[in-house]
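Notes follow once the structure below has been shown.
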Amino acid sequence: MEVILQNLTKIFPSRNKKSGEEVVAVNDFTYTIPDGSLVGLLGPSGCGKSTTLYMISGLQKPTGGKIFFGEDDVTDLPTEKRGVGLVFQNYALYPHMTVKQNILFPLQNLKGEDKMTKDQMVERAYQAAKLVQIDELMERKPSELSGGQQQRVAIARALVKMPRVLLLDEPLSNLDARLRLQTREEIRRIQRDTGITTIFVTHDQEEAMSISDVIVVMKLGVVQQVGKPQDIYDSPINLFVAKFLGTPPINVFNGEVRDEMLYINGEAVLAVKGVSDRPVTVGIRPEGFIVAPNGKMTCNLRAIEVMGRDVSIVSDNPAMLTPVIRSIVDADNKIAAGSATVTFDLKPHKVFLFDTETEERIYFEV
Ligand code: ATP
């Protein structure tokens, strides 16, 4: 099911009538979510991702714009008529019911032509439980399950009505690190198996990057960039997006362009064809550095952290705007222990220039 968001906007009125400060939680969001895809809404706290999800679910009403599921305009439809499955971060299972009763619950409320016989309901519940691999646990109570199993019950309960769209709000945030990893792969598998268009909200860029077909990066209610995770990582549209994606994060510097040459801390580090003379903010991905004995960029060496296949070099430079410079290089690179400095050459496609005022990306030819 294609989900079309057309100029979607949500403005919350001010709580304090005198101050009159309204909150634009989502500002003019237009995007068509492709049928059968897994889309991650990503951004820092307060950027409007949950509000977007709630509007798609029908739990909140937009102040402007429209939402279509395929051809159907669902903008004014109540949640129960939209055919959405919802999973929230606190699993919200009924504690006094068994897993089976929890999953059956949404089916028991169906009315009219959707009404099912008991046998049909049980069959459907087992199908959903099998999909999330909890069919062995049907007689247990939620308190007798692990966090990951409880979250899977919540997903089965959302799937049992065969929703047109599955909506997940921070579904992994209550799980420990290992379970998060496992459950996010599980969500990807379930989504592939069912082919249900799925939209999930997270503030964790790694989570969004690892399982989404498409990510939407938001800031203060405004969509910054939409695209495949790798494309956005490789070609961020502005400094905010460049900083938000990537672990370790991108390194940021003050720089200057003169005669189509980029200078950082007075050193000529990279030719940037087509950029006029100006101050710039420079972003360099950690993997964009090449250790070279007579490299163009000189940094003060602070530490070398061996991580197996790779080495993380921690250094600093007077022009940096991040607390340290972190570069990831192949473990074959030998840097003399006790060196005071390290010199780097740069991989041009890992270097981004941004306008110092607008923070928009400046494009240049390599
Ligand atoms: P988080 O990750 O913290 O949940 P979020 O990106 O999901 O953040 P939203 O919950 O969508 O953000 O909130 C977006 C903005 O709208 C925030 O500034 C928030 O304070 C505001 N907001 C959300 N709900 C309401 C409400 N009911 N009344 C007033 N303002 C609200």
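Results, tabulated for the structure shown:
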| quantity | calculated |
| --- | --- |
| Distance between modelled label sites at Ile304 and Ser143, nm, 7 Å Cα→Cβ extension | 5.7 nm |
| Antiparallel DSSP beta bridges within the chain, as percent of all bridges there, nearest 5 | 80 percent |
| Acute angle (nearest 10 degrees) that the helix 118-131 long axis makes with the longest principal axis of the chain, alpha-carbon atoms | 20 degrees |
| Proximal charge balance of Ile33 [Cβ under 11 Å; K/R count +1, D/E count -1] | -3 |
| Residues Met218, Met138, Met307, Met116, sorted so that the one with the fewest Cβ neighbours within 10 Å comes first | Met307, Met116, Met138, Met218 |
| Residue-count net charge about Leu93 - beta-carbon cut-off 15 Å; Lys, Arg +1, Asp, Glu -1 | +3 |
| Length-normalised contact order of segment 207-366 in % [C-alpha pairs under 8 Å, at least 6 apart] | 23 percent |
| Chain lengthening between Glu113 and Glu359 when straightened (0.36 nm per residue, less Cα-Cα) | 83.0 nm |
| Under 17 Å from Lys100, Cα to Cα: lysines that are on another chain or at least 8 residues apart | Lys118, Lys130, Lys141, Lys161 |
| Between segment 79-137 and segment 141-165, the alpha-carbon center distance in angstrom | 8 Å |
| Anisotropy class of the chain from Cα gyration tensor, a/c 1.5 cut | prolate |
| Net length gained if the chain between Val324 and Thr75 were fully extended (0.36 nm per residue, minus Cα distance) | 84.9 nm |
| Gaussian network model of the chain, springs between alpha carbon atoms under 10 Å - residue of Pro13, Pro106, Pro229 with greatest fluctuation | Pro13 |
| Bridge type composition, segment 132-268 - antiparallel percent by DSSP, nearest 5 | 65 percent |
| Neighbour cut-off at most 13 other Cβ (10 Å), DSSP loop, trypsin sites (Lys or Arg not before Pro), segment 292-341 | Arg309, Lys334 |
| Global geometry of segment 1-126, whether rounded, prolate or oblate, following the gyration tensor of its Cα atoms and the 1.5 cut on a/c | prolate |
| Helix-only mean residue ellipticity at 222 nm for the chain, each DSSP H run of n ≥ 4 adding -39500 (n - 2.57), per residue, nearest 500 | -6500 deg cm²/dmol |
| Length released on extending from Ser45 to Ala92, taking residue separation times 0.36 nm less the Cα-Cα span | 14.7 nm |
| Sequence-separation-based contact order of the chain, relative, with Cα cut under 8 Å and 6+ spacing, percent | 15 percent |
| Residue order, fewest to most surrounding Cβ atoms within 10 angstrom, among Phe289, Phe354 | Phe354, Phe289 |
| Local net charge near Ser173, Cβ-Cβ under 12 Å (Lys/Arg +1, Asp/Glu -1) | -3 |
| Cα gyration tensor category, rounded, prolate or oblate, for segment 249-362 with a/c compared to 1.5 | prolate |
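Bear in mind that the values in this text are calculations on the coordinates, not laboratory data. Everything quoted here is computed from the prediction, not taken from an experiment. Counting neighbours? That spans all protein chains shown, and the Cβs are built from the backbone with ideal geometry, glycine included.
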